1. Can you name the residue in the range 84-101 that is of a type in the set (A, V, I, L, M) and farther than 19 Å from residue 67 by Cβ and, of all such residues, is surrounded by the fewest Cβ atoms within 10 Å (Cβ to Cβ)?
2. In the list 150, 109, which residue meets the criterion of being charged (D, E, K, R), in a strand (DSSP E or B) and either modelled with pLDDT under 95 or closer than 30 Å to residue 51 by Cα (or both)?
3. Only one of 144, 202 is among the aromatic types (Phe, Trp, Tyr), in contact (Cβ under 8 Å) with a residue 60 or more places away in the chain, in contact with a strand residue (DSSP E or B) (Cβ under 7 Å, 6 or more places away or on another chain) and part of a loop (DSSP other than H, G, I, E, B); which?
4. What is the residue count in the range 168-183 for residues that are surrounded by 13 or more Cβ atoms within 10 Å (Cβ to Cβ), touching a residue at least 60 places away in the same chain (Cβ under 8 Å) and in a strand (DSSP E or B)?
5. Name the residue that is farthest from residue 202 (Cα to Cα), counting only residues in the range 118-136 that are out of contact with any strand residue (DSSP E or B) (no Cβ under 7 Å at 6 or more places or on another chain) and outside any strand (DSSP E or B).
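The values are calculated or read from the model by the stated rules, or taken from the named source; none is laboratory data. Every value quoted in this text rests on a predicted model; they were computed, and no experiment measured them. Because the Cβ atoms are built from the backbone with ideal geometry, glycine has one as well, and the counts that use them run over all protein chains shown.
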Amino acid sequence: MKKFITAILAAALLLCACGKTGETSSADAAGESKGNEASVSVFEPVKGNIGEPELRRLFEGNLDCVFNIIRNPLPIEPEPVADKLHYVTGRFTVYAELEAYINAIYCADTAKELLEYELDGHRRYLDHNGRLCFDEYCAAAAGYYVDWADYTLTVELLDEKDCYFTVVGTAEYPADEPKKEPYAVLAHAVCENGVWKLEQTYY
């Protein structure tokens, strides 16, 4: 049985590796959240039994975090309130709301890493005068060529505390004759204090 499970995970990892080949960066990040239109401000924790619907909800929450909060900042007011610090508008008004959202999707260590991310001493999101702010110093643009619009999800291994699953989208990289190809990630959800969360970000 152990050999069978190992073989499944090895095959999934090989698929992931093939999907990531040739990933490229570019200054044009337009449309990188294609296939993910989520913009809710509250994420209901995933408790109890977990299956494909719950894993999809976690993965789509992850896509929202990656593309609408991390890679691209939340909407901000145009005028800074201090240096490059801008108030966030809509969705989250205070830091605690953003903190709760990310903590409902990712395990404690990953959530802390995302929330406390710094670049040259500048923290991406922080509280300023009781409101959530984004430091524009941390803004960055990078190309992204994966489309998750019609992704497939397959559970590879599931027990009471762990769930490995493969998610496959499509990628179309810049080329003289661009073509779509499968792009896969092997994701891991863990049950942390009775709540299922993702071990890390996936994109």
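1. Among those that are of a type in the set (A, V, I, L, M) and farther than 19 Å from residue 67 by Cβ, it is 96.
2. 150
3. 202
4. 5
5. So, considering only residues that are out of contact with any strand residue (DSSP E or B) (no Cβ under 7 Å at 6 or more places or on another chain) and outside any strand (DSSP E or B), the one farthest from residue 202 (Cα to Cα) is 129.
Let's see how each residue does on (1) surrounded by fewer than 18 Cβ atoms within 10 Å (Cβ to Cβ); (2) among the β-branched types (Val, Ile, Thr); (3) out of contact with any strand residue (DSSP E or B) (no Cβ under 7 Å at 6 or more places or on another chain); (4) over 26 Å from residue 77 (Cα atoms):
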{"position": "103", "(1), (2), (3), (4)": "no, no, yes, no"}
{"position": "139", "(1), (2), (3), (4)": "yes, no, yes, no"}
{"position": "163", "(1), (2), (3), (4)": "no, no, no, yes"}
{"position": "166", "(1), (2), (3), (4)": "no, yes, no, yes"}
{"position": "185", "(1), (2), (3), (4)": "no, yes, no, yes"}
